[in-house]
Amino acid sequence: MALTKTAVRHAKPSAKDYTLPDYDGLALFVNTKGTKCWHFRFSWADKQPRISLGTYPEISLREARALRDVARVLIARGIDLRAHRRQERNALRLATENTFEAVFQR
């Protein structure tokens, strides 16, 4: 059954961590401290890895579903999501390291 905004908003911490599934691999993970984190589980190379899409309320249910859909398109194109994320982070890091200000301060 698909999650609703109300179910996400009212998810409360309990004695144990738990997961509220949406559909197509998306789920809301709620830990004992009350932090709510969006996870996407997918199949890749005979494994089922999980990636984090962000925390609620910074990422809404609608945004989490959109991120999940983008991830599913990348998987359909044969792109490993974990490697893709590493490449994006490295590109961002290199871009910030090679700014004029960063080079000037060296």
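Just so it is clear, none of the values below were taken in a lab; they were calculated from the coordinates. Keep in mind the model is a prediction, meaning the values are calculated, not measured. Note: ideal-geometry Cβ built from the backbone for every residue, glycine included; neighbour counts use all protein chains shown.
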Going by the alpha-carbon gyration tensor, a ≥ b ≥ c the square roots of its eigenvalues, is the range 1-81 rounded (a/c under 1.5) or, if a/c is not under 1.5, prolate (a/b greater than b/c) versus oblate? prolate
Rounded to the nearest 0.05, what FRET efficiency do residue 72 and residue 105 give with R0 = 35 Å and r taken as the Cβ-Cβ distance? Could you check? 0.25
Sequence gap at least 6, Cα distance under 8 Å: using those rules, report the relative contact order of the range 5-78 to the nearest whole percent. 21 percent
Count the lysine pairs in the chain whose Cα atoms sit under 14 Å apart, keeping only pairs 8 or more residues apart in sequence or on different chains. 5
By how many degrees, between 0 and 90 and to the nearest 10, does the Cα long axis of helix 81-97 differ from the longest principal axis of the chain? 40 degrees
In the range 37-94, the GluC sites (Glu not before Pro) that fall in loop regions by DSSP, at most 11 other Cβ within 10 Å: 58
Amide N of the range 29-64 lying under 14 Å from the label point, which is placed 7 angstrom from the Cα of residue 91 along Cα→Cβ: none
